[in-house]
1. Sequence-distant or interchain residues sharing an amide H contact under 5 Å with Met141, placed H: which?
2. Taking the square root of 5 times each eigenvalue of the Cα gyration tensor, what semi-axes in Å does the equivalent ellipsoid of region 54-189 have, largest first?
3. Output the peptides 168-178, 69-79, 110-120, 127-137 sorted from most to least packed, where packing is the average of other Cβ atoms within 10 Å over each peptide's residues.
4. From the phi of every residue in region 72-80, what ³J(HN,Hα) in whole Hz does the Karplus formula 6.51 cos²θ - 1.76 cosθ + 1.60 yield, where θ is phi - 60° and glycine or proline is x?
5. Size of the dipole of region 28-104 about the Cα centre, Lys and Arg at +1 and Asp and Glu at -1 on the beta carbon, nothing else charged, in debye to 20?
6. Grab the beta carbon distance between Lys181 and Asp94, set R0 = 30 Å, and tell me the FRET efficiency rounded to 0.05.
7. How far apart, in nm, are two points set 7 Å out from the Cα along the Cα-to-Cβ line at Ser125 and at Asp148?
8. Cross-link partners among lysines for Lys165, C-alpha distance below 22 Å, same-chain residues fewer than 8 apart left out?
Amino acid sequence: MLYFKNIMVRQNILFRLFSVCWLLLMMASTVQAFVVEEARSQLRDGTFYIDASVKYQFTETVLEALENGVPITVDIHFQVRREGAWIWEKDVVDQHRRRQLRYLPLSDSYEVTDIDEKRIKLYFSRLAAITALGEIEDFAMVAEEQLDAGETYLMEIRSRLDIEKLPVPLRPQAYMSSDWKLSSEWSQWLIKP
């Protein structure tokens, strides 16, 4: 009987130890690698414009893929909703902007492409390219006429690595690995027309 109790105690301790290790592992895999900094809006000529900066911290796995010719695409998601809106209420604005980072080995440079605006810029350092990837300037978010006077609206922005834009053979590995599941939290602020 005493032997049986000792086994039960040991199993209980091992189970708790395993649970704590699993919890720590899950917390480590959900660390936010992208951070939206300095997001702000201003009303100019009847339109709210956004300026923001997204700090991208890619994992070593992603950077290795980039150096080996895999283009990295980020999706920047913008929303404007009435403050306190019910979940079924339509968003005033719900837009996605895509940007791509690519390494060009022949020129030893990095190309940042704004896919939606079809603009391409070259950088000679990876750090400069990643910084430029996260700069959002004068993005026309919403016209003042789309907003009801006297209402308060919630502007939101977040960014994530777009796994669907990776080469097809790499996608299954990316879906299974936390190294590729990179995103930011929503950055939110209120506006009033």
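The values are calculated or read from the model by the stated rules, or taken from the named source; none is laboratory data. Worth saying up front: this structure is predicted, and the values here are computed from it rather than measured. When we count neighbours, we look across all protein chains shown, and the Cβ atoms used for this are built from the backbone with ideal geometry, even at glycine. All accessible areas refer to the heavy atoms of the entire protein, side chains included, with ligands and DNA or RNA removed. Shrake-Rupley method; radii C 1.70, N 1.55, O 1.52, S 1.80 Å.
1. Excluding prolines and chain starts, which carry no amide H, the hits are Phe48, Tyr49, Ile50.
2. That gives 32, 18, 12 Å for the three semi-axes.
3. Put in order of decreasing packing, that is 69-79, 127-137, 110-120, 168-178.
4. Ordered by residue, 3J(HN,Hα) equals 10, 10, 10, 10, 9, 9, 10, 9, 10 Hz.
5. For region 28-104, the charge dipole is close to 220 debye.
6. Calculated value: 0.85.
7. It works out to 5.0 nm between the two label points.
8. List returned: Lys55, Lys118, Lys121, Lys181.
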